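Novice: One structure, pasted below without further comment.
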There are 2 protein chains.
Amino acid sequence: MSTSDQNKEVCFYQEWMTLQEQELSELNRAIALKANGCATDAELSQLIDKIMNNFQDYVQKRSLMASADVSPYFAPTWCTSLERSVLWIGGCRPSSYIRLIYALCGLQIESRFAEFLRGARIGNLGELSARQISMVDRLQGNTISEERKLSTRLASLQEDVLDHPLAAIALNSGSHCTDSCGTADEVLDKHGLAMAGILEEADQLRLNTLRELVRILTPPQAVDFIAAGKKLRLCMQDWGKKRDLDHGRN
Amino acid sequence: MSTSDQNKEVCFYQEWMTLQEQELSELNRAIALKANGCATDAELSQLIDKIMNNFQDYVQKRSLMASADVSPYFAPTWCTSLERSVLWIGGCRPSSYIRLIYALCGLQIESRFAEFLRGARIGNLGELSARQISMVDRLQGNTISEERKLSTRLASLQEDVLDHPLAAIALNSGSHCTDSCGTADEVLDKHGLAMAGILEEADQLRLNTLRELVRILTPPQAVDFIAAGKKLRLCMQDWGKKRDLDHGRN
């Protein structure tokens, strides 16, 4: 295997996070134009399509990279401790997109936040119709059910590691397990492929959930929602970096 | 906060893994004495008690350390990628102890492994009584049910991160979220305490499951089982190190 796998993974992640910042800037520009009546729904939709396509590309490339070696994606060292502590199968929980919609609606509606949020850009999400809310609720139910299925399959895969043949290989290896590395590698490679399959399905669930949400929302609502999600994602990284520094982690 | 938190955590982990090697040597010595009829059940029990007390100490110290900052324990950078990919709430799944028992019984019984395992030290686990097997089965059911409860609570906590107040803080912060760090820190500290609570309960479930198993097994069986578990744990570390090296990870 190449000695630069780690470098490739870190670069790939850094490029992705840089793209997130660029996309957030574009979204903010579109939101400003929209507020002045200078952006049409078609223009907003075009931006959303571009962002969704970028996400799909990322998922496809990551899936290819993970098929070579999946294990780092389950708890990447290139994220901060804070980000790692909230990971679910290599990313955010798909249901958390929907939690964010609820949070944004709630923030808009709760009067005690009115002053706090003066000027905040979540305007359009306070105006979800009853039909939209019931569609979001239904999506939430389906998403949680799909998440649970994947969690259960991951649990079985994780338990399989302690089953034979690995238990047998470990028991029959010498004191430092080095003599058993070759045989263990074969079993672990096969296990890794199954884990990569779960990662791919989790990514697909994230992608599909986001696509469904964008379909339910109007273009101005979708732009606000995606911008809020990216802002929160980038803040998690910044907060995580600060906290790691505070605790002397590099 | 101290700048040496990371050092403390890494040292604590390394000491624990060194202790695992020492305990495995002691177990292997006891198993050899037992095979020659030179170790009594009382002597084996004493060794098991010592090992269980060490585990309890570890859990208590870790819980104290995690209450200061829990996030690194959910995906520790001091483990290999392979080890991190099979983690469940900062350690192994409690149900995997029981999977290991089943694997060891199976290995013993399956005749096609007979030659492969000639001389392997799992002798006593092939002789579980029907009563022991039914107790292990019941424990497995309870353990999986407790695991699911904790997984569900962790899922809620992870989703809470994307809810307000953090969503509101992120939306109202400047472009690099630095102005919101203080407020975010307070919320994240509170969230961290809840995560530390889950970690403590997961550790307690691991400890209790192991205690129950030791109670069900005879001292010679328990010694074989604990030795196999530690051997597998140490092999996972060795295999993980080799695989990280192969992929150019440090």
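Novice: Out of all the residues in segment A:81-95, which are at the interface with another protein chain (Cβ under 8 Å from one of its Cβ atoms) and either in contact (Cβ under 8 Å) with a residue 12 or more places away in the chain or in a loop (DSSP other than H, G, I, E, B) (or both)?
Specialist: A:SER81, A:LEU82, A:VAL86, A:LEU87, A:TRP88, A:CYS92, A:ARG93, A:SER95
Novice: Here are some residues: B:LEU24, B:LEU33, B:LEU47, B:LEU19. Which one is touching a Lys or Arg at 6+ places or on another chain (Cβ under 6 Å) and aliphatic (A, V, I, L, M)?
Specialist: B:LEU24
Novice: So, in segment B:39-65, how many residues would count as being more than 19 Å from B:LEU210 (Cβ to Cβ) and open to solvent by less than 60 Å² (accessible area, probe 1.4 Å)?
Specialist: The qualifying residues number 2.
Novice: How about segment A:66-82: which of its residues are open to solvent by less than 20 Å² (accessible area, probe 1.4 Å) and touching a Lys or Arg at 6+ places or on another chain (Cβ under 9 Å)?
Specialist: A:ASP69, A:SER71, A:PRO72, A:TYR73, A:ALA75, A:PRO76, A:THR80, A:SER81, A:LEU82
Novice: Return the pairs, sorted by first residue and then second, in which the second residue is acidic (Asp, Glu), the first residue lies in segment A:148-177 and is facing another protein chain (nearest Cβ under 8 Å), the beta carbons are less than 7 Å apart, and the residues are 6+ apart or on different chains.
Specialist: Between residues of segment A:148-177 that are facing another protein chain (nearest Cβ under 8 Å) and residues that are acidic (Asp, Glu), the close pairs are A:SER173/A:ASP179; A:HIS176/B:ASP238; A:CYS177/B:ASP238.
Novice: Another question, if that's okay. Can you confirm whether A:ARG211 is in contact (Cβ under 8 Å) with a residue 40 or more places away in the chain, within 30 Å of A:ALA30 (Cα to Cα) and open to solvent by 50 Å² or more (accessible area, probe 1.4 Å)?
Specialist: yes
Rundown of residues vs (1) small (Gly, Ala, Ser); (2) more than 30 Å from A:ARG29 (Cβ to Cβ), yes/no style:
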site	(1), (2)
B:LEU150	no, yes
B:SER156	yes, yes
B:LEU166	no, no
B:ALA170	yes, no
B:SER173	yes, no
B:CYS177	no, no
B:ASP203	no, yes
B:LEU234	no, yes
B:ASP246	no, yes
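Novice: If you scan segment B:1-20, which residues turn out to be open to solvent by 80 Å² or more (accessible area, probe 1.4 Å), in a helix (DSSP H, G or I) and touching a residue at least 40 places away in the same chain (Cβ under 8 Å)?
Specialist: Selection gives B:LYS8, B:GLN14.
Novice: Also, I was wondering about something else. What single numbered condition from (1) touching a residue at least 24 places away in the same chain (Cβ under 8 Å); (2) open to solvent by less than 40 Å² (accessible area, probe 1.4 Å); (3) within 22 Å of B:THR80 (Cα to Cα); (4) facing another protein chain (nearest Cβ under 10 Å) fails to hold for B:ARG233?
Specialist: Only one criterion in (1) touching a residue at least 24 places away in the same chain (Cβ under 8 Å); (2) open to solvent by less than 40 Å² (accessible area, probe 1.4 Å); (3) within 22 Å of B:THR80 (Cα to Cα); (4) facing another protein chain (nearest Cβ under 10 Å) is unmet by B:ARG233, namely (2).
Novice: Looking at (1) among the aliphatic types (A, V, I, L, M); (2) out of contact with any Asp or Glu (no Cβ under 8 Å at 6 or more places or on another chain); (3) open to solvent by 10 Å² or more (accessible area, probe 1.4 Å), which is the only condition A:ILE101 fails?
Specialist: A:ILE101 satisfies every listed condition except (3).
Novice: Would you say B:ALA184 is aliphatic (A, V, I, L, M) and more than 22 Å from the chain's Cα centre (by Cα)?
Specialist: For B:ALA184, the condition - aliphatic (A, V, I, L, M) and more than 22 Å from the chain's Cα centre (by Cα) - is met.
Novice: I've got another one for you. Just name the residue that is farthest from B:ALA196 (Cα to Cα) out of those in segment A:43-76 that are of a type outside the set (D, E, K, R) and without any contact (Cβ under 8 Å) to a residue 12 or more places away in the chain.
Specialist: Among those that are of a type outside the set (D, E, K, R) and without any contact (Cβ under 8 Å) to a residue 12 or more places away in the chain, it is A:GLN46.
Novice: Also, quick follow-up: Which one of the conditions (1) surrounded by 13 or more Cβ atoms within 10 Å (Cβ to Cβ); (2) within 14 Å of another protein chain (Cβ to nearest Cβ) does B:ARG29 fail to meet, given that it meets all the rest?
Specialist: (1)
Novice: Search segment A:188-206 for residues being in contact with a Lys or Arg (Cβ under 8 Å, 6 or more places away or on another chain) and more than 14 Å from A:GLN60 (Cβ to Cβ), and hand back the single one that is surrounded by the fewest Cβ atoms within 10 Å (Cβ to Cβ).
Specialist: A:ILE198
Novice: While we're looking at this one, here's another question. Run down B:ASP244, B:ASP238, B:ASP203 and say which single residue is in contact with a His (Cβ under 9 Å, 6 or more places away or on another chain) and more than 23 Å from B:SER45 (Cβ to Cβ).
Specialist: Exactly one of B:ASP244, B:ASP238, B:ASP203 is in contact with a His (Cβ under 9 Å, 6 or more places away or on another chain) and more than 23 Å from B:SER45 (Cβ to Cβ), namely B:ASP238.
The values are calculated or read from the model by the stated rules, or taken from the named source; none is laboratory data. Bear in mind the structure is a predicted one, so any value in this text is a computation, not a measurement. Positions of Cβ are backbone-derived with ideal geometry, glycine not excepted, and every protein chain shown enters the neighbour counts. When the accessible area is computed, the model is the full protein with side chains, heavy atoms only, and any ligands, DNA or RNA have been set aside. Shrake-Rupley method; radii C 1.70, N 1.55, O 1.52, S 1.80 Å.
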